[in-house]
Amino acid sequence: MIRLRDIERFYETPAGRTYVLRRVNLDVKEGEFVTVMGPSGAGKSTLLAILGMLDSAWTGEYSLLDEPVHTMNRKQRAELNKKYIGFVFQSYHLLDNLTVYENLEIPLSYQNVKAGERASIVCDVLDRFHIVGKKDLYPTQLSGGQQQLVAVARAVIMKPKLLLADEPTGNLHSSQGKEIMDLFLRLNEEGTTIIQVTHSEKNAEYGHRLVNLLDGWVVSDARTARPEVQGA
Amino acid sequence: MDTVLKDIRYALRTFLRSPGFTTVAVASLALGIGANTTIFSLVNAVFLRPIAVTEPDRILSLFTLDEKNPGSHQTSFPNYEDYRDRNEVFSSLVAFTGAGLSLSGEGQPEQVFGLLVSGSYFDMLGVRPALGRGFLPAEDAAPGAGPVVVLSHGCWSRRFGSDPRILGRAITLNRQRFTVVGVAPESFRGTFAIGGPEMWIPLSMHDQVLSGTFKDWFNDRRFLGMAVMGRLKPGMTTQQAEAAMKTLARQLEQEYPEPNKGRTVGLLPLSESTINPDQRALFLRAGQLLMTVVGLVLLIACANVANLLLARAASRRREIAVRLSLGAGRARLVRQLLTESLMLSMMGGAAGLVLAFWLRDLLWSFRPPFFPEDGLSFGLDANVLIFTTALSMLTGLLFGLAPALQASRLDLAAAVKSGGAAGAEGTRRRWGLRSVLVVSQVALSLISLIGAGLFLMSLRNAQRADLGFAPSSLLTLTVDPGSGGYDEARGREYYRAMLERVRALPGVRSASIAEWLPLSGGGFWRTVVLEGQEPAPQQGRVLVPVNAVDTGYFATIGLPLRRGRDFTDADRMGSVKVVIVNDTMAKKFWPGADPLGHRFKFFGETDAVEVVGVVGDSRLNTVGEDPVATAYYPFQQNYGSQMSLVVSAAGDPSSFMATVRAAVQSGDNDLPLTRVAVLSDLVDASLWASRMGAGLLAIFGALALTLAALGLYGVMAYSVSQRTQEIGIRMAIGARQRDVFGLVLRHGLRLVGLGVTAGLLGAFLVARLISGLLFGVSPAEPAVYLGTSLLLCLVSLLASYIPARRATRVDPLTALRYE
């Protein structure tokens, strides 16, 4: 599904070039659940940003579903992003002035989905995530876990093939975090490819693969022993 | 459409959640748009709104052009008759002239402004009376044939209580009975942009209602006393009509060379002659100046709101980043942000429209004194609504576009990673768009304030100017016995008896009468033809204003007698005709020589007049004008029906007002008295231009200053909030409170310094454009520039002080944990 070859990301500073990612090569198959770990400054979030097409100042080759992203312009990348990728942020990044319902609806609106269809999809997702009762609440009226739940729902509402999660449980209690990870597991079992960045080894156990970064380099890439789904 | 509605709903929700921001933004815009709407409604009423006649673009005004006397003049009645009867380009040509009418009978006697018009006046204009009819041809066919009157709608409602049975009723005008035959529609107030007659009377009644010189010269071919207007024949163009009328004028010049020598005609569209063409340029300039000033205020308001939006955009980085990451295109995002801006500006426009109603009254209070209070109706019409709506939308785009474009261009990855914090970026972008906007606001405010200062100084100079006489000790009132049916003999006796009564009042030092007073615009102008020598080109056939005055006038009003003598009782009908000239006329016509004893004729007179005295100059129209050559002749030799009494009293003249008034009215209680005032009040009223400029610019300048101060405060406060971490670090490594205070204040003062510099330069360039309106003040007056700059710096210092103080209260520990 994903092919990265010689991906590099650097910043020009008065002291010279500062590399964030160095010659990253990575292949991810459809349906895989990949965890990216490493110390602070290793380049994990940068890698995720490149995969999610939030960052375009990189060099190398990146193919997504055989589409050569590295040859595309900004508009083409945005279209690809909209079509195939969902993003979950550490800080949830819900829109505070929109209700839960409206937060879920907004990606559909940006995809020019008709109003009637949007309503049907949102109701379906609300139901699926058991948050129907919260649809008229604002994010500030929800707990951290609930907000992240809504964020995940928003990320998957367009049924993306790829879900990217940057420290999805970083701001949550352990029980809330488990809830979210269990959800990710379920999504993965339903076919969604997931790449997560995390500091938590417990969270890493949910994935099939563990990729370690250090100073921008991929230092290891190994399969995990995926445990039983916890708390199901 | 659905997404646009969503954007609107979202914008409303956002505004409700930020009441402070919304209030400040809407209030700023309301002030700016309201001021512009007010001025535009005035400009619309004066220049744009068509007169309520049929096909106004087919109506032309005809003016006489005189090669020796520049300007657009009226036409003589005999010439008009020839133009009317001999032209082939107008389907109808009418003439009209104004007259002061004494309306008496029921209620208080009242002086009203009426128009004597040709019988086909209403038909030519295509005006159908609201009640009754216009005039019949027979009513204008022969002198005295039409004792009928059409009332204006305003007069009908004000004076006659909108009596539905008004038709056929007899009213008394100038002691004559006139029958009301019609009431004009409410929308028709004559063909004037400002003011308008209270009633219309057929021209055939001129002998009954006119008095004095006008009455005597009505049929004089030289006397330019009639306004003329006509409707073009179908298919006729203005150019064709003008060529044809000029041909006619040439024929009249050949047939009547004496009165018509050097004269031709010109045509102007009705839309350009609703104000006297010679004054139109001044009015246009005033309108342009006002629109420029309020345009500046709006720009400042836009800068304010743009600043607010930029600050909000910074705090909405996270939201913008999330929307972009969710798939929003940049165009879609800009559209959403522009929708918010447009909604703000439309709300501001609606509030501005409401504000304009109040501002309109304030603006009208600055009107020139010769504009009657109900002289102009500048309310809401389609033009004003369209203007306000278009301006609101343009304003929304103006202040919203830059912030929207800037907000959509962010580093997406950094924005979502940082969670939207802009601390570091805020530090780097200290001199960004917001600072530029604040500098612009300060500069524009300073330009407005300097303009106000220059006008205020001009007004002060004008009030202190040497007018050549002392107005503060003089009372005046105007009366017209001719309008009450007095013939010349009775009129002379009336004035003799009046002066006798007034002079006998205790406390009155002297009293006299004059046809017109200084600074009242003057009266008739007459052509001077020097006797006994070939007139040099620049002196031949030149017009000068002439004033009929009684004995003791110069002593009463305080004009010094330079040479010769004043008029005496010996200067009466039958004796040698004499004049007194002013210094300027003496220098103009007899340069380097003593004018005493010299003789000249007024055109149309057989007898020459002899110069017996020279008096000092006074002022004809405005305080600041150059003196005009003026001639005075004795009232006893030149009877005028309408005269102004001027009284010099010991002590406060206003305390004598009632006594003098009673003494005058005891002669005939039915004669209305007008312009009853202390002369200094009339002089003050003549300074309307300076007062209006000073007043309006001061208001707008204060407005601009308030907005600029708000803008500066906003930028400074935002800057401090963005630099909290930096300030915390500085304090943690040893900075004292005063170091932090100075750091923040210096930033503010740098902005103000740049703004003041730009403002001084801009003011210097702009002030040159208004130098013609200033009296005794240089457009680069240092005191004004320095004073306003200091005022602006002081206000700006205050605006920066609060954020600077707040910065000193930052807790380093909290600041270092600040995100």
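Structure summary
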item: Extension gain from B:Gln254 to B:Leu167, taking 0.36 nm per residue of separation minus the Cα-Cα distance; result: 26.6 nm
item: Pairwise Cα inverse-distance average, inverted: Kirkwood Rh of the range B:32-93 (Å); result: 15.2 Å
item: B:Arg133-B:Leu12 pseudo-label distance in nm [points 7 Å out on the Cα-to-Cβ vector]; result: 5.9 nm
item: Extension gain, B:Lys261 back to B:Arg86 (0.36 nm per residue minus Cα-Cα distance, nm); result: 61.1 nm
item: Model label zone, A:Ala119; criterion: amide N under 17 Å from point 7 Å along Cα-to-beta-carbon; scope the range A:126-145; result: A:126-127, A:135-136
item: Förster radius 30 Å - calculated FRET efficiency between A:Arg74 and A:Asn25, Cβ distance, rounded to 0.05; result: 0.75
item: Peptide-level mean, for B:313-320, of C-beta atoms on other protein chains within 10 Å; result: 2
item: Euclidean distance of C-alpha centroids, the range B:220-288 and the range B:1-16, integer Å; result: 58 Å
item: Relative contact order for chain B, counting Cα pairs under 8 Å that sit 6 or more residues apart, in percent; result: 17 percent
item: DSSP-assigned coil residues among trypsin sites (Lys or Arg not before Pro) in the range B:560-604, each with at most 16 further Cβ atoms within 10 Å; result: B:Arg565, B:Arg572
item: Percent of Cα pairs exceeding the 43 Å cut-off, where the set is the protein assembly as shown; result: 56 percent
item: Accessible-area value, B:Asp85, 1.4 Å probe, nucleic acids and ligands omitted, Å²; result: 100 Å²
item: Those residues of the range A:62-108 for which accessible area with every protein chain present is at least 50 Å² below the isolated value (1.4 Å probe); result: A:His93, A:Leu95, A:Asn97
item: Probe 1.4 Å, protein heavy atoms only - accessible area per residue of the protein assembly as shown in square angstrom; result: 43 Å²
item: Solvent exposure ordering (accessible area, 1.4 Å, most first) of A:Leu164, B:Leu765; result: B:Leu765, A:Leu164
item: Largest to smallest accessible area among A:Ser63, B:Ser365 [probe 1.4 Å]; result: B:Ser365, A:Ser63
item: Separation of alpha-carbon centers, the range A:81-131 and the range B:52-128, rounded to whole Å; result: 74 Å
item: Calculated [θ] (222 nm, deg cm²/dmol) that DSSP helices of n ≥ 4 give over chain B, each run adding -39,500 (n - 2.57); result: -16000 deg cm²/dmol
item: Apportionment of accessible area to carbon and sulfur, the protein assembly as shown, percent (1.4 Å); result: 56 percent
item: Antiparallel bridge percentage (DSSP; both residues within the range B:84-213; nearest 5); result: 70 percent
item: Stokes-Einstein D (µm²/s) once Rh is taken as the Kirkwood radius of the range B:609-710 over alpha-carbon pairs, at 25 °C in 0.890 mPa s; result: 135 µm²/s
item: Normalised convex hull volume, the range A:6-68, alpha-carbon set, Å³ per residue; result: 94 Å³
item: List B:Asp811, A:Asp215, ordered by accessible area with a 1.4 Å probe, largest first; result: A:Asp215, B:Asp811
item: The range B:348-387 versus the range A:140-177: alpha-carbon centroid distance in Å; result: 58 Å
item: Accessible surface buried upon B-A contact (total; probe 1.4 Å; Å², nearest 100); result: 2200 Å²
item: Cα-projected label distance for B:Arg464 with B:Leu749, points at 7 Å along beta-carbon direction, nm; result: 3.4 nm
item: Distance (nanometres) between label positions extended 7 Å along Cα→Cβ at B:Phe283 and B:Arg177; result: 4.0 nm
item: Residue-by-residue Karplus 3J(HN,Hα) for the range B:491-500, coefficients 6.51, -1.76, 1.60, Hz, glycine and proline x; result: x, 4, 5, 4, 5, 4, 5, 4, 5, 4
item: Net length gained if the chain between B:Leu794 and B:Arg492 were fully extended (0.36 nm per residue, minus Cα distance); result: 102.3 nm
item: Phi to ³J(HN,Hα) by Karplus 6.51 cos²θ - 1.76 cosθ + 1.60 over the range B:752-763, Hz, x for Gly, Pro; result: 5, x, 5, x, 5, 4, 5, x, 4, 5, x, 5
item: Average beta-carbon neighbours from other chains, 10 Å sphere, peptide B:590-597; result: 0
item: Virtual paramagnetic centre 7 Å along Cα→Cβ of B:Glu500, amide N under 16 Å, in the range B:645-665; result: B:663-665
item: FRET efficiency for B:Glu110 and B:Asn69, using Cβ-Cβ distance with R0 set to 30 Å, rounded to 0.05; result: 0.25
item: Evaluated at q = 0.16, 0.21 Å⁻¹: base-10 log I(q)/I(0), Debye formula over Cα of the range B:629-682; result: -0.65, -0.97
item: Residues in the range A:16-58 occluded by at least 50 Å² - accessible area, probe radius 1.4 Å, against chain by itself; result: A:Leu54
item: For B:Val148, residues with placed amide H under 5 Å, excluding near neighbours; result: B:Thr179
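The values are calculated or read from the model by the stated rules, or taken from the named source; none is laboratory data. Owing to the predicted nature of the structure, the values given are computational and were not obtained by experimental measurement. For neighbour counting, all protein chains shown are included, and Cβ atoms are generated from backbone atoms with ideal geometry for every residue, glycine included. SASA here: full protein model, heavy atoms, side chains in, ligands and nucleic acids out. Shrake-Rupley method; radii C 1.70, N 1.55, O 1.52, S 1.80 Å.
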